[in-house]
Amino acid sequence: MLAWKSVSISRMGQEIFSDISLEIGQGKIVSLVGPSGCGKTTLLMIAAGLMDADSGSLECGFRNPGMVFQEPRLLPWKRAGDNMAFGLVARGQKSIDFRCRIEALAATLGLDRRDLDKYPHELSGGMRQRVALGRALVIEPDLLLLDEPFSALDIGLRQELQDLLVRQISERGLTAVFITHDLVEAARISDVIVVMDRHPRGIVYQHAMPGIPGCRPERDIFSAVGDLLAVPVVARAFRAQDIEKL
Ligand SMILES: Nc1ncnc2c1ncn2[C@@H]1O[C@H](COP(=O)(O)OP(=O)(O)OP(=O)(O)O)[C@@H](O)[C@H]1O
């Protein structure tokens, strides 16, 4: 279980959010959505232990979180396979012991052996993000924290990687927190959608999605998004996003 309990945080005299409580059950995929600056990444960073809250507490029953960011953040001087193995090397494992494991994982992520020998600049954006996902999965995490991992990809590739991610989460029995600006993406891959806003600051709405992530018919996804946008606090949070894009 992962739970933020009455968490408040300010930086440089500015309140990011106050008194946020949220609980995520084992095996669930929870999406955080909301306008830029409402504190989604901050909430994730607190869960990862990379930021400390000013007050409140975090209860985390997970021991081995894996993270994926919007930019793949690969080491440019290392080949894709070595980037993927980064967490294993950091734990003192020898490449002779894990080469087969990396190749098998790469294959499930749609990368072949030749891709593993390429440098990041020789890979497409989608391939780089597959490597980043592999780097997070190879350490066998029990919790995945994902900060807009697919937002830079085009729609077709995005959907392919969403399906791939949900399959990996389900096969490995992981729990995941997924940040996105895209309500359709959230409705496609999540068990629960948590909507945050800046006015008022914090969580303004939570919605449990029916059905199984990754298996929902498109019409159910779009109808859930329509229903969500009919909720005034959700509509307000998403209107703020649209205005920012202008
Ligand atoms: N270390 C920091 N120092 C100062 N301000 C910070 C720090 N981290 C976050 N903030 C501020 O906190 C607010 C929330 O930032 P955060 O990145 O969590 O929002 P977000 O919802 O993830 O936004 P986006 O969707 O644009 O990534 C922003 O106003 C940001 O400038």
How high is the relative contact order of segment 74-141, given as a whole-number percent (alpha carbon pairs under 8 Å, six or more residues apart)?
-> 51
Mark the label point 7 Å from the Cα of T108 along Cα→Cβ and return the residues of segment 153-196 whose backbone N is within less than 11 Å of it.
-> 165, 167-174
If you average the sequence gap of Cα pairs under 8 Å that are 6 or more apart and divide by the length of the chain, what percent do you get for the contact order?
-> 26
Candidates G81, G66, G13; GNM for the chain (alpha-carbon contacts under 10 Å) flags as most fluctuating G13
Calculated over the chain: convex hull of Cα atoms, volume per residue (Å³) = 139
Most exposed first, judged by fewest Cβ atoms within 10 angstrom, V33, V138 run V138, V33
Given the C-alpha centroids of segment 35-63 and segment 125-159, what is the distance between them in whole angstrom?
-> 20
For segment 74-141, the Cα convex hull volume per residue in Å³ comes to 76
GNM top mover of R79, R201, R99 - the chain, alpha-carbon springs below 10 Å = R99
Give me D19, D142 ranked fewest to most by other Cβ atoms within 10 Å of their Cβ, as a rough exposure proxy.
-> D19, D142
Quick one: which residues, 5 or more positions from V7 or on another chain, have an amide H under 5 Å from its amide H? H modelled 1.01 Å from N in the peptide plane, none for Pro or chain starts.
-> D19, I20, S21, S57
Pick out which of L111, L43, L133 has the largest mean-square fluctuation in a Gaussian network model of the chain, springs linking Cα atoms closer than 10 Å.
-> L111
Summing -39500 (n - 2.57) over every DSSP H run of at least 4 in the chain, dividing by its residue total and rounding to the nearest 500, the 222 nm mean residue ellipticity is -12000 deg cm²/dmol
V233-A90 pseudo-label distance in nm [points 7 Å out on the Cα-to-Cβ vector] | 3.6
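Would you mind telling me the antiparallel percentage of the DSSP bridges in the chain, rounded to 5?
Bridges in the chain are about 55 percent antiparallel.
A short reminder: the numbers here are calculations on the coordinates, not readings from a lab. Please read all numbers here as calculations on a predicted model, not as lab measurements. Heads up, the Cβs are rebuilt from the backbone with ideal geometry, glycines too, and the neighbour counts pull from every protein chain shown.
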